[in-house]
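S.K.: Take a look at this one; I'll ask things after.
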Amino acid sequence: MDAELIFKMVLEKPIYQSIHSGFVYRVIKQEIQRRNSQKEVLKAVLSRLHQVTSGYVTRKINYDKWGEELDNLPHDLNSLILRNFCINKMAEHASTRERLTILEDFYQQSLSSLAPIQSILDVGCGINPLAIPWMPISTNVKYMGIDIFSQMINFLNHFMKHIAIQGEINCGDILEVDTLKPAQIVFALKMLPLLEKVEKGITQQWLDSLPAENLLVSYPIASLGGKSKGMRQNYTNQFARLIQGKKWKVQQFDFPSELVFLIQK
């Protein structure tokens, strides 16, 4: 089967036109090995892309318009006007929307032992950099991120420049660990279940390879439809198996909408 032709068919879907090509090809090549026809491969690829990307966005977002709004706002991280803008925009993404009710406690509690944070690598960041005003960071923090949507990333870099935060958000495949830059801490928020959808069995090796001594890992405790289905206990058990035998120091934080672990390797 022709991977390039299937890639072009994927890009016929507007929501995937700004997606990182290397990630799409990774999924296509995996499905070509599993399926017998081009139609089956395309259907499987689109399903998996939806699971790891568009399933978390409630609608198509006009990031250019967001940037225009941002240009008229204060630059101060403590500005209520700027913070309200960030909250409103984070509500557009299911993953960050679920965190809004616990936003300040989430970062202050889970990161207190490392504060003030000097550098962050946010993998599969989504629009999480908009939460920077609530993070216990140093005045010269370096914030790096990686995700697969180029239009979103252009806006996030615009936001970082607006609030005078050093660093850069890049478009890339988070499974290519050798391309990631070292940091004091890596954020992998709600990422581990998605990793398994991209490449089953990769999670332990991926965690080992991340370029930081500290990892902030979290799991959702409800589906996108709002059903818990015993997810908190299931993910607690899953994480315990994942780190079994490792001499890592782990702190657990149980928030109403998210299960969080701070790992020190």
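The values are calculated or read from the model by the stated rules, or taken from the named source; none is laboratory data. Keep in mind the model is a prediction, meaning the values are calculated, not measured. All Cβ positions, glycine included, derive from the backbone under ideal geometry; neighbour counts span all protein chains shown.
S.K.: Among 186, 198, 250, 217, which is the only one that is among the β-branched types (Val, Ile, Thr), surrounded by fewer than 15 Cβ atoms within 10 Å (Cβ to Cβ) and either assigned by TED's automatic domain parsing to the domain that holds residue 118 or under 14 Å from residue 111 (Cα atoms) (or both)? Break it down stepwise before answering.
M.R.: On the way: 186 fails: surrounded by fewer than 15 Cβ atoms within 10 Å (Cβ to Cβ); 198 fails: surrounded by fewer than 15 Cβ atoms within 10 Å (Cβ to Cβ); 217 fails: surrounded by fewer than 15 Cβ atoms within 10 Å (Cβ to Cβ).
None of the other options fit; the residue is 250.
S.K.: Among the listed residues 227, 265, which satisfies the condition of being modelled with pLDDT under 95 and within 22 Å of residue 102 (Cβ to Cβ)?
M.R.: On the way: 265 fails: within 22 Å of residue 102 (Cβ to Cβ).
Of 227, 265, the one residue that is modelled with pLDDT under 95 and within 22 Å of residue 102 (Cβ to Cβ) is 227.
S.K.: Count, please, the residues in the range 179-207 that happen to be of a type in the set (A, V, I, L, M), within 28 Å of residue 67 (Cα to Cα) and assigned to a loop (DSSP other than H, G, I, E, B).
M.R.: 3
S.K.: Here are some conditions: (1) assigned to a strand (DSSP E or B); (2) touching a Ser or Thr at 6+ places or on another chain (Cβ under 9 Å); (3) surrounded by 13 or more Cβ atoms within 10 Å (Cβ to Cβ). Residue 222 meets all but one. Which one does it not meet?
M.R.: Of everything listed in (1) assigned to a strand (DSSP E or B); (2) touching a Ser or Thr at 6+ places or on another chain (Cβ under 9 Å); (3) surrounded by 13 or more Cβ atoms within 10 Å (Cβ to Cβ), residue 222 misses just condition (1).
S.K.: Just a yes or no: is a residue in the range 4-25 within 30 Å of residue 253 (Cα to Cα), aliphatic (A, V, I, L, M), surrounded by 13 or more Cβ atoms within 10 Å (Cβ to Cβ) and not assigned by TED's automatic domain parsing to the domain that holds residue 157? Before the answer, list the steps.
M.R.: Applying the first criterion (within 30 Å of residue 253 (Cα to Cα)) to the range 4-25 yields none.
Scanning the range 4-25 turns up no residue that is within 30 Å of residue 253 (Cα to Cα), aliphatic (A, V, I, L, M), surrounded by 13 or more Cβ atoms within 10 Å (Cβ to Cβ) and not assigned by TED's automatic domain parsing to the domain that holds residue 157.
S.K.: Here's another thing I want to ask about it. Give the residues of the range 159-178 that are touching a residue at least 60 places away in the same chain (Cβ under 8 Å), surrounded by 18 or more Cβ atoms within 10 Å (Cβ to Cβ) and in a helix (DSSP H, G or I), sorted by residue number.
M.R.: 159
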